[in-house]
Amino acid sequence: MSLPADFVVSANNGEIRFANALSAGTDIHTFVLAVQGGPTAAASALSATAGNGTTAGVTISGSGSAILSLTGTANDLRAFLASADAVRFNGTASNTSAYTLSATVQRSTGNVVRLATTAQATLLAVGDDLIANADISTTSGNVSVIAVRDVRFNGTADIRTGSTGAGSGSIDIASATGSITQSASSVLLSTGADAQARLHAAQNVTVGDIVLAGGKVSITAVSGSVLDADALVASGSASVNDNDQDITAVGVRLDAGTAVGGSVNHLETTAGTLTARAANGGIWVLEADALSIDNVTVTVNRVLTDGAVTSSTVTDAIQSDLRTTGGNGPIVLRSTAGHLTLKDGSAGGTAGAAISAHGSGNVLVQALGAGSNIQ
């Protein structure tokens with residue numbers, strides 16, 4: 001079950017409206033709305049008006065949590081949740097401790113989607129596929145999107161946040177048994193020098209646009225490949241790489257059980273530092289400007305079910321070099337402008353080597369820009 005593209009959460013003077021949280025129908029659903037508040041001197045309350053199969057409201061005072069369970073047909077719940085003053089959060093929130101608002105929609109089949117938003121963090125977690133048809137955004141919060149199976153960002157569904165320090169603005173996406181797939185139009189964006197993004201999937205990771213111009217990105221495809229979502233473009237009678245940059249970051253760490261990029265459809269990057277591993281295939285990277293091959297490590301904040309990130313981080317350890325470790329995988333590294341600097345990193349590998357291909361794997365290192373060097 002997924003949140004539809006027109007799902008909307010809005011607030012005005014304490015009023016909360018959930019528009020289009022459910023598809024129309026007569027099936028019985030349970031919609032659970034929860035609020036957890038931090039310390040504040042003002043009393044706070046979560047309440048719902050009577051009607052449409054709802055239960056009475058519940059309250060919180062000062063701090064604690066409140067849960068409101070609404071049961072009825074999808075049609076009734078849709079009308080109720082979108083109506084004015086149906087669900088209200090009353091009271092003055094603390095200026096220093098965020099309030100967490102979470103919603104769960106459950107059908108009789110047991111499929112559940114949870115949405116939680118706070119001033120500091122966003123968490124989506126689901127036991128099946130998680131499909132985003134609309135944006136997930138927070139000004140400077142951390143975002144975690146976690147699924148047992150696939151995570152998909154359809155159309156122009158984005159994640160947008162910003163980092164104001166090490167504890168904010170990270171993007172954390174994980175698929176325990178499936179793949180992570182962005183459409184070609186999907187953007188994962190975090191601004192700021194401390195921005196970090198981690199994508200970790202059991203199978204493939206398909207990249208639309210990942211933009212952390214001042215930060216670092218780590219992508220792991222445990223048994224699959226890191227792929228470009230963009231289609232090839234026509235050039236005469238040939239199909240060639242597009243001009244869209246798949247990953248823009250100061251540091252990029254790529255680790256694939258099969259391959260990084262494709263032999264024709266390369267992974268396009270604008271990176272300061274890059275490291276990549278492929279265990280049973282090749283590495284194909286097309287860089288837009290100057291690039292160093294060196295160490296990269298990434299740490300993100302994992303949002304917990306209470307909306308906090310206290311003592312909750314996930315780290316991808318330091319990785320160095322460009323290496324293929326199986327399948328006679330080739331390595332192709334090209335830069336359209338700028339120098340290519342090859343450094344022997346500190347995280348294992350072949351001593352003294354910045355680029356190492358497995359077996360009979362071929363290596364191409366190419367600096368295409370006028371005046372560009374390989375050094």
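Of note:
- First in the range 188-204 and more than 15 Å from residue 136 (Cα to Cα), second anywhere and of a type in the set (Val, Ile, Thr) and in a loop (DSSP other than H, G, I, E, B), Cβ under 8 Å, 6 or more apart: 192/164; 194/164; 200/222; 201/222; 202/177; 202/222; 203/177; 203/222
- Of the residues 197, 174, 221, 256, the single one that is in contact with a Ser or Thr (Cβ under 9 Å, 6 or more places away or on another chain), in the same structural domain as residue 322 (by TED's automatic domain parsing) and modelled with pLDDT under 95 is 174.
- Subset tally (residues that are touching a Gly at 6+ places or on another chain (Cβ under 8 Å) and either of a type in the set (S, T, N, Q) or assigned to a strand (DSSP E or B) (or both)) for the range 177-200: 11
- All conditions but one from (1) in a strand (DSSP E or B); (2) under 16 Å from the mean Cα position of the chain (by Cα) apply to residue 203; the one that does not is (1).
- Of the criteria (1) more than 15 Å from residue 277 (Cβ to Cβ); (2) surrounded by fewer than 16 Cβ atoms within 10 Å (Cβ to Cβ); (3) not polar (S, T, N, Q), which one residue 339 fails: (2)
- Test: residue 265 is farther than 15 Å from residue 361 by Cβ and either surrounded by fewer than 23 Cβ atoms within 10 Å (Cβ to Cβ) or modelled with pLDDT under 95 (or both): yes
- Selection within the range 354-372 - assigned to a loop (DSSP other than H, G, I, E, B) and either exposed (fewer than 15 other Cβ atoms within 10 Å of the Cβ) or not assigned by TED's automatic domain parsing to the domain that holds residue 331 (or both): 359, 360, 362, 368, 370, 371
- When 369, 361, 327, 352 are checked against the criterion of being touching a Gly at 6+ places or on another chain (Cβ under 7 Å), farther than 23 Å from residue 298 by Cα and at pLDDT below 95, 369 stands alone in meeting it.
- Among the residues of the range 210-231, those that are surrounded by fewer than 21 Cβ atoms within 10 Å (Cβ to Cβ) and closer than 26 Å to residue 166 by Cβ comprise 213, 214.
- Condition met for residue 132 (in contact with a strand residue (DSSP E or B) (Cβ under 7 Å, 6 or more places away or on another chain), farther than 17 Å from residue 211 by Cα and at pLDDT below 90): yes
- Hey, residue 332 hydrophobic (A, V, I, L, M, F, W, C) and either surrounded by fewer than 15 Cβ atoms within 10 Å (Cβ to Cβ) or at pLDDT 95 or above (or both) or not: yes
- Residue check for residue 174: within 13 Å of the chain's Cα centre (by Cα), surrounded by fewer than 24 Cβ atoms within 10 Å (Cβ to Cβ) and part of a loop (DSSP other than H, G, I, E, B): no
The values are calculated or read from the model by the stated rules, or taken from the named source; none is laboratory data. This is a predicted model, so every value here is computed, not measured. Glycine gets a Cβ as well: all are built from the backbone with ideal geometry, and neighbour counts include every protein chain shown.
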